[in-house]
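Just so it is clear, none of the values below were taken in a lab; they were calculated from the coordinates. Owing to the predicted nature of the structure, the values given are computational and were not obtained by experimental measurement. Backbone-built Cβ (ideal geometry, glycine too); neighbour counts: all protein chains shown.
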Amino acid sequence: MEIGISTFVTDEGIGPAALGRAVEERGFASLFVTEHTHIPVKRETEWPGGDELPRHYYRTLDPFVVLSAAAAVTERIRIGTAVALIVQRDPFTLAKEVASLDLVSGGRAVLGVGAGWNREEMRNHGTDPRTRMRVVRERVLALKELWTKDEAEFHGDFVDFDPVFSYPKPVQSPHPPVYIGGGGPTVLDRVVEFGDGWMPVLGRGTDDLPGRIAELRERAGRHVPVSLFGVPPKPEVIAELERAGVDELLLNLPTEPEDASLARLDRLAELI
């Protein structure tokens, strides 16, 4: 089992290049960052994590800018999103961003995707929250067509285009892995149908994690990678999750200035 870092990168915390370098130097396997394009002032959707939305949700940098900066100063760690809100992203632009990131990183990109929880935010992007899971499916399938076909086309209810050229193509073959986020009752259906891995949040649909992982792999007929984020830095929790069959743990790094972040990474590295 590998151990990586997940965090919110904002204008008030450690910078992307310093963060990427520090994560690699301390022996972590990966760096994953999250995103919100904006937070509506009038927010009616309940945040799954509690009553008050933390400050760092309001201030995230664009994840692909962050990951490109981290890629430029690293050589080994995988870099990805946990998660990109695919229902809020144009599939052509996202295909180019991820393929470009895979190219400049030498084949280290991972795309974790999710439907999101903030209904007001997705409505601002023109997405009806009631259809968001169907949108996720079509956009992932469309991405894979754009990455793997010289003349790609896709025809669905939410993504529809005749043959197009889309370059660059990713370095990884057939494409960067797409991890499906979420822990709801139907998430395994989506992972089996169009995902390359599962990326749940600890504590959200993970009560019977060993059972769900076993079910997922049995249904898929293969070893589906599981990358779990939101993991507290506790040795007993890490040991339990390793026994459950998790392939990668993403330890949460709070958003803090550089000195505090580096000190915290030093402490987290002792768990590797």
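Brief remarks on what is shown
- Residues of the range 153-182 satisfying the condition of being among the hydrophobic types (A, V, I, L, M, F, W, C) and either over 25 Å from the mean Cα position of the chain (by Cα) or closer than 17 Å to R89 by Cβ (or both): F154, F158, V159, F161, V164, F165, V178, I180
- Neighbours by Cβ (under 7 Å, 6+ apart or cross-chain): first from the range 250-272, free of Cβ contacts under 8 Å to residues at least 40 places away in the same chain; second surrounded by 13 or more Cβ atoms within 10 Å (Cβ to Cβ): R264/L253; R264/E256
- Test result for T81, hydroxyl-bearing (S, T, Y) and not in a strand (DSSP E or B): no
- Whichever residue in the range 28-72 is β-branched (V, I, T) and outside any loop (DSSP other than H, G, I, E, B) and, among such residues, is surrounded by the fewest Cβ atoms within 10 Å (Cβ to Cβ): V65
- The residue that is nearest to G211 (Cα to Cα), counting only those in the range 167-187 that are out of contact with any Lys or Arg (no Cβ under 7 Å at 6 or more places or on another chain) and crowded, with 20+ Cβ neighbours inside 10 Å, is V187.
- Listed here are the helices (runs of 4 or more DSSP H) enclosed by the range 194-272 that have at least 3 residues being within 21 Å of the chain's Cα centre (by Cα) and either over 28 Å from H56 (Cα atoms) or hydrophobic (A, V, I, L, M, F, W, C) (or both): 209-220, 235-244.
- Residue that is surrounded by the fewest Cβ atoms within 10 Å (Cβ to Cβ) [pool: residues in the range 1-27 that are of a type in the set (D, E) and over 17 Å from the mean Cα position of the chain (by Cα)]: D11
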